[in-house]
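All remarks here apply to the structure that follows.
Nothing in this text is a laboratory measurement; each read-out follows from the coordinates by a stated rule. Every value quoted in this text rests on a predicted model; they were computed, and no experiment measured them. Heads up, the Cβs are rebuilt from the backbone with ideal geometry, glycines too, and the neighbour counts pull from every protein chain shown.
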Amino acid sequence: MDAPIRAREALGFILFSLLFSICRSSSLNHLLISNAERRIDLSSHIVKVYLTLKVENAGSTPTSEVFLSFPPTQVDHLATVEALVTKGKRKKTTLVRLDVKPTELPDAPNDAKYFTIYLANPLKSGESTTLEVLYLLTHSQEPFPAEIAQSESQLVYYRDSALILSPYHIKQQTTFIKTPSTKVESFTRVEPSNRAGTEIKYGPYEDHPPYSFSPILIHFENNSPFAVVEELVREVEISHWGNLQVTEQYTLVHAGARHKGVFSRVDFQSRPTLNGASSLRYLLARLPPRVHSVYYRDEIGNISSSHLRTDSRKSELEIEPRYPLFGGWKATFVIGYGLPLQDFLFETSDDRRYLNFTFGCPLLETVVDKLTVKVVLPEGSKDPSAVVPFPVEQHLETKYSYLDVVGRTVVVMEKKNLVPTHNSHFQVYYTFKPIFMLAEPLMLASAFFLFFVACVAYLHIDLSIRK
Amino acid sequence: MAAPEASTAAVPTLYTNNTLRNAFGGVLSFFILLLIGVLAFSIRLFSVIKYESVIHEFDPYFNYRVTQFLTKKGIYEFWNWFDDRTWYPLGRVIGGTVYPGLTLTAGTIWWLLNSLNIPLSVETVCVFTAPIFSAFASWATYLLTKEVKGAGAGLTSAVLLAMVPSYISRSVAGSYDNEAVAIFALIFTFYLYLKTLNTGSLFYATLNSLAYFYMVCSWGGYTFIINLIPMHVLLCIVTGRYSSRLYIAYAPLVVLGTLLAALVPVVGFNAVMTSEHFASFLVFIIIHVVAFVYYIKGILSPKMFKVAVTLVVTVGLAVCCAVIAVLIALVASSPTKGWSGRSLSLLDPTYASKYIPIIASVSEHQPPTWPSYFMDINVLAFLVPAGIIACFLPLSDASSFVVLYIATSVYFSGVMVRLMLVLAPAACITSGIALSEAFDVLTGSIKFQLPGVTSNAEVDAGETSSDTSEAQTDEVKAEKPDDTSKNRPLKKSKKKERELAENPPAKATAKAKAKAKAEKKRLLALPLEASVISLLLLVVLGAFYVVHSVWAAAEAYSAPSIVLTTRSRDGLHVFDDFREAYAWLSHNTDVNDKVASWWDYGYQTTAMANRTVIVDNNTWNNTHIATVGTAMSSPERAAWEIFHSLDVKYVLVVFGGLIGYPSDDINKFLWMVRIGGGVFPHIKEPDYLRDGQYRIDSQATPTMLNCLMYKLSYYRFVETDGKAYDRVRRTEIGKKYFKLTHFEEVFTTHHWMVRIYKLKPLKNRIRGKAKKSKSKTSSTSSSKRSGTKKKNPWQ
């Protein structure tokens, strides 16, 4: 197992060295990374990578842009990239969030993709700074074997590079990979590398030129359920009578190793630890505090297996799908709840109103492949505009709800590949005149009035021909 | 309202006072009716409050699915819908085999609400259709009873109907079945018939045919109407009550009604070709003969008339004999003598159990037991005789209809539990009449006993309700000679007053009669104490009925049957296994996979899991059901072959042995054997019986222990408790350890109530073996094929 992998790795190494020598970018070479430490957390199906980079400006001009590069296979699975910079000295260090944006570089070797970190203060010549980068990868653990029986546990492959892919020269680097259990079938050795308990250590490696790459493959046991929401539609409906109604439609799938053959309830119930270890039995949704009228159902009715725990800071909804989800099994369901409006709707100084609500999926440890957030504004609201902390696709729709005449404006936002860190707040601004609140009651009242008038008229008109 | 004319005519001096009183009475009864509607609606919501807003049972799921199709695809697609997801590989023409009334009603409500921008889901509309129509039904009952015995009796019957347990059992929220709207249609048709009979108005006769059309659209029970009304017409003719009003009430109904009924695809030419409708045509001929005779009698002198009669009778008899002979020959040539199986089992209660096991296997087609009468109509059972007596005092056309209605429905309810539903409105109407008459007598006599009440006030106060019907019949009689006033629709009291004023003799007779009645009443007055006590007792009786009805609505009839609950010491326990299994099927199998199960679960599987089924609750093809029954009662290999020939991929069985759910497939197994054996004679019922009983314990026969149903139900059951104790049969099972060779378990629900198995694919033939026994296999395979031919009905 080891030998071919090493051969491949060597090949890759040569290839990248060659590439590096060809496309040596002049704009990048004045920075270098004096020390890099990478911690890859594989304990759930979302891969978390913490990167600590000590960046040094070896050039002569100050610069405020630092590039991160990713191989094209990883970029597709990259859910989020965040960067922080440590400020202050010794004890009073504070972390400051930095802007990170995807960038295209014209001479990228082998289709490598870039993200730019914009430093708050330009890095002067000779200075150095420490960046903390976090990025999350989804769908990056490939089940192998791809199909397992009920009693087998789930083994997965994780592919990465022992060396950090970077457009800069790295003086010293180390990579730690944390596996969920001590059960590791195999891992690629790139000396010096060793394994202790649940941790595999690659490095330290000294002085690697830009775009060094050394593919590694780790085959290990990961029995955490791969809960993936293929599609989630969240609809937030604002009613100025004091309620915010949220409806979330889920299409959930277990994206781990596919279940093969028999499902035996006897085995599942009598030996739960051995059987269906990777099955998805329940999910936890974190809802805002003061949530009320929560429901959990699917297209054929209520699902009776859920528990709601509320306290003053948060509400937790524990839901069980109708049946335990094994690899490849799907389920659809709807969660709905009401919230008091005053917690989420505010007024700006220029008489506009805005909704402040969380964007992502409330389920913990879940990847969302496609999320659509619809904010249904009350009838008669104007000039909607949404402010979201990350790029999303936006458009407007019209929805007709109870007794609407002109319809309600719906702000639709779509985003792909979401992880729990996307649960940040977004705002939707709009203007609304309170008089519109009375439109529907007045309409109903006048309809009844007309009906009674018609009745009275009918009773007093004699339409008979003969008297 | 009928009340005003009688009293204003009787006491003209109190004219203004009375109009005010009548206005108050009108408003009061309007609000009472409104409250009755609210009561009828809300008493049926227990199922939503205690459980959830969900469709109940089996048939409603089919109706729900059809409604979904209708709302999605529109009416034309609906009429042409060929459903290939059921009765595989035959399919079913839904548009032509379904009573569309309910679906169209709910679809229209949904469309109306959505065009008003009230975005209710189709499911919500379907769930609440039944309660809405029960409110309509109680209003229709008010109208009907008002035609018979006046507004007081009408209100009482409406209250009784709003909460009669028998009707509640079929119309709780979620019970989205044909009966829900059909009972309203039935009562409303009867009301319009009586209205036409009382007024002789062609307008109501036309409405009557339309109501009859709606009833035909809604339910197969429309044959009850088309047989009961002719019976009543015949009764009227025989008792010498023929009138032109009767003719107008009946003739348009038959002509228009039959034409309209033939428009409904599921009825079509049955409206003129099956025996169920022949009675109406026969009476149609008779009424014309009678009308003709009356006409001739009017223009001929008595002597000439006699001659004509003898002439016509001799010729007519000869023609009739010929026609009847032809008819009998035609009918006799059809195998069921022109009667459908369900109707035959109505006439001969033992017919179904003898000849059609598929009809007998449905529990609601069994005859009811005595307690079920008490459960379903409660105290009404005791009030009905009193109501019948009240109908005879005096007997009018309308009240004779009620008597006939109750008599026939009592008979039919004795045949099938399901038809208790037809009895319920009749029982409510007669009981309402009885109660209202009793209250009239008692309150009337209390008033006579009380001092300080003037006799004039007594007359109009005590009699408003009881008088109405009599006054009405009087009025009708008074109108009789005056043909001109008959055709006018009597809509408003104002007009009636005017008419009465035009008609001084009628007014005079009414006045005289009212006076005579007051005299009579004084004689009939009961002692004060007796009437107070009996009044109290009646109220207690009514209270008992209310308590029972609310209990029945809350506890007995509101369970949706797809989700079961039990109360134990540690709280409520929910068994939601059916939906668990259907949801699993719908999400984790291919959309075109075929699922085989006993027919009970067919509708639910297509509606909830959206998978193709082999048989379903529309039991139109006995052979197909017998095939599934045969497979279930065959040994594994033979069953696999049958299922494989039907392209089945999954087999679903319902098993209650773990938690004690009694209506599971093992308990239904005798019907699978019986129906299967009825078509495929190699399934013999005695093979499964030990001492005349179906047993699954150690005494069971080997055939039983090796049949597919046993194996699929009890596969690995022993591993749950080590003993394999079946909680439904209360015994340990006979064969505990066995393996499945042709099926594999793919899903079992949390409480084991539903188990789903997959057919294993054909094994690849091992090459070496095949070569070795080449000469052998050729001979054995041919013999095998012939062997399977016998077992497998699909080859």
- Task: Per residue, how big is the convex hull around the C-alpha atoms of the range A:407-467? Give it to me in cubic angstrom, could you?
- Result: 172
- Task: Treat each spin label as a single point 7 Å out from the Cα along the C-beta direction, and report the B:F738 to B:L311 distance in nm.
- Result: 8.2
- Task: Might you report the magnitude of the Cβ-based charge dipole of chain A about its Cα centre, with Lys and Arg at +1 and Asp and Glu at -1, to the nearest 20 debye?
- Result: 780
- Item | Whole-Hz ³J(HN,Hα) from phi, Karplus 6.51 cos²θ - 1.76 cosθ + 1.60, for the range B:680-690, glycine and proline x | 10, x, 6, 8, 10, 4, x, 4, 9, 9, 10
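Taking the Cα centre of the range A:227-438 as origin, work out the dipole magnitude from +1 charges on Lys and Arg Cβ and -1 charges on Asp and Glu Cβ, in debye rounded to 20.
Approximately 580 debye in magnitude.
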- Using eta = 1.567 mPa s and T = 4 °C, Stokes-Einstein with Kirkwood Rh from Cα pairs puts D for the range B:696-756, in µm² s⁻¹, at 107
- Message: With 10 angstrom as the radius, rank A:V453, B:V746, B:V628, A:V262 by how many other C-beta atoms surround their C-beta, starting from the fewest.
- Response: A:V453, A:V262, B:V746, B:V628
- Note on the structure: quick shape note, chain A: Cα extents on principal axes in Å, largest first -> 112, 65, 45
- Query: Considering only DSSP states other than H, G, I, E and B, which chymotrypsin sites (Phe, Trp or Tyr not before Pro) in the range A:222-328 qualify as loop sites with at most 15 other Cβ atoms within 10 Å?
  - Reply: A:W241, A:Y282
- Which whole number of Å³ per residue matches the convex hull of the alpha-carbon atoms in the range A:31-221? 132
- Message: Let me confirm one metric for peptide A:255-268, namely the mean number of other chain beta-carbon atoms within 10 Å of its residues' beta-carbons.
- Response: 4
- Item | Table column - 3J(HN,Hα) (Hz), the range B:612-622, Karplus curve with 6.51, -1.76, 1.60, x for Gly and Pro | 5, 10, 8, 9, 9, 5, 7, 7, 7, 10, 5
- Message: With +1 on the Cβ of every Lys and Arg and -1 on the Cβ of every Asp and Glu, and nothing else charged, how large is the dipole of the protein assembly as shown about its Cα centre, in debye rounded to the nearest 20?
- Response: 2680
- Note on the structure: Excluding residues fewer than 8 positions from A:K415 in its own chain, the aspartates and glutamates with Cα under 16 Å of it are A:D76, A:E230, A:E231, A:E235, A:E248, A:D369, A:E393
- Item | Inter-chain shielding of A:325-332 (mean C-beta neighbours from other protein chains, 10 Å cut-off) | 3
- Could you tell me, in Å, what Rg and Dmax come out for the Cα atoms of the range B:578-677? 13.0, 36
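Listing A:M437, B:M304 from the residue with the fewest other Cβ atoms within 10 Å to the one with the most, what is the order?
Working: A:M437 16, B:M304 11.
So the residues, fewest neighbours to most, are B:M304, A:M437.
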- Task: Give me the angle, in degrees from 0 to 90, between the Cα long axis of helix A:439-460 and the longest principal axis of the Cα atoms of chain A, rounded to the nearest 10.
- Result: 20
- Message: Pairwise over distinct Cα atoms, reciprocal of the mean inverse distance: report the Kirkwood radius of the range B:240-298 in Å, one decimal place.
- Response: 12.5
- Regarding the protein assembly as shown, what is the average projected area of its C-alpha convex hull, in nm²? 68.5
- Note on the structure: Cα-Cα pairs in the range A:331-465 separated by more than 25 Å, as a whole percent of all pairs, come to 44
- How large is the Kirkwood hydrodynamic radius of the range A:227-438, in angstrom, based on all distinct alpha carbon pairs? 18.7
- If unit charges are put on Cβ atoms (+1 for Lys and Arg, -1 for Asp and Glu) and the dipole of the range A:227-438 is taken about its Cα centre, the option from A:T366, A:L355, A:S424 lying farthest towards the positive end turns out to be A:T366
- Over the range B:196-304, what is the relative contact order in whole percent, taking alpha-carbon pairs under 8 Å and six or more residues apart? 35
- Flagged as over-length at 20 Å C-alpha distance, from A:K48/A:K374; B:K668/B:K758; A:K260/A:K416; A:K370/B:K73; A:K101/A:K374; A:K48/A:K178, the pairs are A:K48/A:K374; B:K668/B:K758; A:K260/A:K416; A:K370/B:K73; A:K101/A:K374
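Using a Förster distance of 25 angstrom, determine the FRET efficiency expected from the C-beta separation of B:F203 and A:H460, and round it to 0.05.
Once rounded, the FRET efficiency stands at 0.70.
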- Task: Provide the per-residue ³J(HN,Hα) series for the range B:282-296, in order, calculated from phi with Karplus coefficients 6.51, -1.76, 1.60 and θ = phi - 60°, each as a whole number of Hz, with x at glycine and proline positions.
- Result: 4, 5, 4, 5, 4, 5, 5, 4, 5, 4, 5, 4, 4, 5, 4
- Message: Quick check for you: which residues of the range B:413-441 have the amide N under 11 Å from the point 7 Å beyond the Cα of B:F374 toward its beta carbon?
- Response: none
- Selection from B:T145, B:A182, B:N198 lying farthest towards where the dipole of the range B:115-213 points positive, charges on Cβ: B:N198
- Query: For the range A:277-373, taking Cα atoms only, what is the radius of gyration to one decimal and the Dmax to the nearest whole Å?
  - Reply: 15.9, 56
- Grab the beta carbon distance between A:K183 and B:D84, set R0 = 41 Å, and tell me the FRET efficiency rounded to 0.05. 0.25
- How do B:I109, A:I465, B:I32 rank when sorted from fewest to most other Cβ atoms within 10 Å of their own Cβ? A:I465, B:I32, B:I109
- Roughly how crowded by other chains is peptide B:605-614, in terms of the mean Cβ count from those chains within 10 Å of each of its Cβ atoms? 1
- What residues qualify as long-range amide H neighbours of B:T731, i.e. H under 5 Å apart, gap of 5 or more or another chain, H built at 1.01 Å from N? B:D726
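Once the Cα gyration tensor of the range B:47-141 is found, what semi-axes does its equivalent ellipsoid get, as square roots of 5 times the eigenvalues, in whole Å, sorted largest first?
Details: eigenvalues 119, 52, 39 Å².
Semi-axis lengths for the range B:47-141 are 24, 16, 14 Å.
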- Query: What area, in nm² and to one decimal, does the C-alpha convex hull of the range A:124-193 cast on average over all directions?
  - Reply: 7.3
